[in-house]
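Below is one structure; the comments refer to it alone.
The values are calculated or read from the model by the stated rules, or taken from the named source; none is laboratory data. Everything quoted here is computed from the prediction, not taken from an experiment. Here the Cβ is made from the backbone with ideal geometry for all residues, glycine too, and neighbour counts use every protein chain on show. Just so you know, the surface numbers come from the protein's heavy atoms only, side chains and all, with ligands and any DNA or RNA stripped out. Shrake-Rupley method; radii C 1.70, N 1.55, O 1.52, S 1.80 Å.
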Amino acid sequence: MALLVLEAEAFIQDAYASYYFAPNRFIPKRERPKWRFIVMRLYKALQRAGGNAQERAEAADLLIRLYKLLCDASEKWLFSSSEPFESLRISQADFFRAILALKQAVLPPEEFTEFAVRHATADALDRYSFHADLIEAALPFFKTPDAKEEALAVCRRARNAVKATLRGQPRAGRLSDQQEGRANALTRMIFALHAALHDDEAAIADFKANGRYGDPESSLYSLLRTLYDFGQMDLLLREYDRAVNEGIHPQEVLGKIVRRIREEDRLPPYFG
């Protein structure tokens, strides 16, 4: 394990120093594209190490650091590709799921819930991932109703904290794009947890009250897309009709989707 730790820490340090991307005298040019093979080797080795109870905590910490490196590489050039998870042929959600499996085994339940919510809703995404994918990966780790309720409480506190960040400032009430994205990710996770508790009405009410998607038409699209993702055909039709009755003019694509659902009496394979 000691050698694995040294290799992982050295790789992470070199990557953040841009040694696998920018010209430098530490890593030869011909070696820089091999970062993919190094990450894959570390990923597999750390998972194996996680099978040992005595090494699990350290393996989990290194795995999350490696994951965060890849997340950061999705936003700035650290490797030759700006889609590191795609380059590895490991989805971001699968990588995250592997981390959660180790972390749940070493963290107290309260700390694990905070960890899972934070990383499912706040980490940078590669071009092929959505926070919905990370939320879906996290949900099975909240196995009991009490665990789901605790996750709901954590999500609500986190969302309130995001909304409070600009309180009292000149642009009070408005969130930056990043903050707005985090708030919406937390709202999505709250929806998913309510759905897992079979409380669809609470899920919809919270989404309507807290989703930040611009104009009413965009907010309706986001709500119906979320209901589609969760297979809620009847609720999707109900919310569409309710919005129309309230004077909202749905986007044209929503009208086409709703007509198709009513004609075929089933959800279409794609939302669009």
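As a summary of the residue check, L3 satisfies the conditions (1) over 26 Å from E111 (Cβ atoms); (2) at pLDDT 95 or above; (3) surrounded by fewer than 16 Cβ atoms within 10 Å (Cβ to Cβ); (4) not acidic (D, E) except for the one numbered (2). Residues in the range 127-166 that are part of a loop (DSSP other than H, G, I, E, B) and buried (at least 20 other Cβ atoms within 10 Å of the Cβ): S129, F142. Within the range 64-99, the set of residues being part of a helix (DSSP H, G or I), under 13 Å from R36 (Cβ atoms) and open to solvent by 10 Å² or more (accessible area, probe 1.4 Å) comprises E86, S87, L88.
Taking the listed residues T113, T187, the one that is buried (at least 16 other Cβ atoms within 10 Å of the Cβ) and in contact with a Gly (Cβ under 7 Å, 6 or more places away or on another chain) is T187, with no other qualifying. Contact map, the range 202-215: residues that are under 12 Å from T226 (Cβ atoms) paired with residues that are among the β-branched types (V, I, T) and assigned to a loop (DSSP other than H, G, I, E, B), Cβ distance under 8 Å, separation 6+ or inter-chain. No pairs are found. Among residues of the range 42-51 being more than 24 Å from the chain's Cα centre (by Cα) and farther than 13 Å from L3 by Cα, the one that is surrounded by the fewest Cβ atoms within 10 Å (Cβ to Cβ) is G51.
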